Amino acid sequence: MGKKKRTFADKVSKGTGPRGEVCPECETVKRVIKIIRAEQDDSKGSWRFSEKMEKVCKCNETELMGS
């Protein structure tokens, strides 16, 4: 038996829509952002930057972004 052929509309609809992990609490898609924080080194007095990737949704947006 042959392979099922998809129409153009089926191909287009597959690529649209939200991508990523859905939060079980607020039902929104989590997006990944990079958080960069400036920290002062006590021994030298110089500044360092720490980078961290975080998943953000409406539940934890105020905790990570601050507003």
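Quick one: in the range 1-51, which of the residues that are basic (Lys, Arg) and more than 30 Å from Glu61 (Cβ to Cβ) is nearest to the chain's Cα centre (by Cα)?
Taking the range 1-51 and keeping what is basic (Lys, Arg), we get 3-6, 11, 14, 19, 30-31, 34, 37, 44, 48.
From the residues that got through so far, the ones that are more than 30 Å from Glu61 (Cβ to Cβ) too are 3-6, 11, 44.
On the way: Lys3: 36, Lys4: 34, Lys5: 34, Arg6: 31, Lys11: 25, Lys44: 35 Å.
Among residues in the range 1-51 that are basic (Lys, Arg) and more than 30 Å from Glu61 (Cβ to Cβ), the one nearest to the chain's Cα centre (by Cα) is Lys11.
If you go through the range 1-40 one residue at a time, how many are among the hydrophobic types (A, V, I, L, M, F, W, C), in a loop (DSSP other than H, G, I, E, B) and surrounded by 10 or more Cβ atoms within 10 Å (Cβ to Cβ)?
2
Quick check on my filter: what residues within the range 41-56 are in a loop (DSSP other than H, G, I, E, B) and either at pLDDT 90 or above or of a type in the set (S, T, N, Q) (or both)? Spell out how you get there, then give the answer.
So the first thing to find is which residues in the range 41-56 are in a loop (DSSP other than H, G, I, E, B), and the list is 41-46.
Once the filter is applied, which keeps residues that are in a loop (DSSP other than H, G, I, E, B) and either at pLDDT 90 or above or of a type in the set (S, T, N, Q) (or both), the range 41-56 yields Ser43, Ser46.
The values are calculated or read from the model by the stated rules, or taken from the named source; none is laboratory data. Given the structure is predicted, the values throughout are model-derived calculations rather than measurements. Glycine also receives a Cβ, built like all others from the backbone with ideal geometry; neighbour counts cover every protein chain displayed.
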